[in-house]
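See below for the structure under consideration.
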Amino acid sequence: MKIIADLCIVPMGVGPSVSVYVREIRRIIEASGLTHVMHANGTNIEGEMADVTTLVEACCARLTELGVERIFCTIAFSTRTDKPQSMADKLASLDQ
């Protein structure tokens, strides 16, 4: 099932700045080959649900390897069954 996900991963207990961890997460997302757009509070990702959830698991596993003992994740997603739709399609429909 194709989805467009909004993912936010927060490493907890590591201090006020999490940029070193977010850079690691970004590296993993970029290496996944999935279409994605990072924004100020997370990342939009499109792909098969299984691929997206595998990616989330890989990001959390990497944070654990880096010593993060607690991770807070939120993921919201949408899907359409009547037609294929990408993030770009959704944004383009606003200009019609």
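Computed from the coordinates by the stated procedures, all read-outs in this text should not be read as laboratory data. What you see is a predicted model, and the numbers here were worked out from it, not measured in a lab. Here Cβ is always computed from backbone atoms with ideal geometry, including for glycine, and neighbour counts include all displayed protein chains.
Listing for the model above:
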read-out	value
Three semi-axes of the equivalent ellipsoid, the chain, Cα gyration tensor, whole Å, largest first	27, 14, 11
Karplus 3J(HN,Hα) series, Hz, for the range 10-18 with 6.51 cos²θ - 1.76 cosθ + 1.60 (x for Gly, Pro)	10, x, 9, x, 10, x, x, 9, 10
Under 11 Å, Cβ to Cβ, from Ile3 - net charge with Lys/Arg +1 and Asp/Glu -1	-2
Within-15-Å neighbourhood charge of Asp51 [Cβ basis; K, R +1; D, E -1]	-3
GluC sites (Glu not before Pro) within the chain: DSSP coil, no more than 15 neighbouring Cβ in 10 Å	Glu69
The chain: trypsin sites (Lys or Arg not before Pro) in DSSP coil with no more than 10 other Cβ atoms inside 10 Å	none
For the range 2-95, size of Cβ-based charge dipole, Lys and Arg +1, Asp and Glu -1, in debye	120 debye
Relative contact order (percent, whole number), the chain, Cα cutoff 8 Å, 6+ residue spacing	46 percent
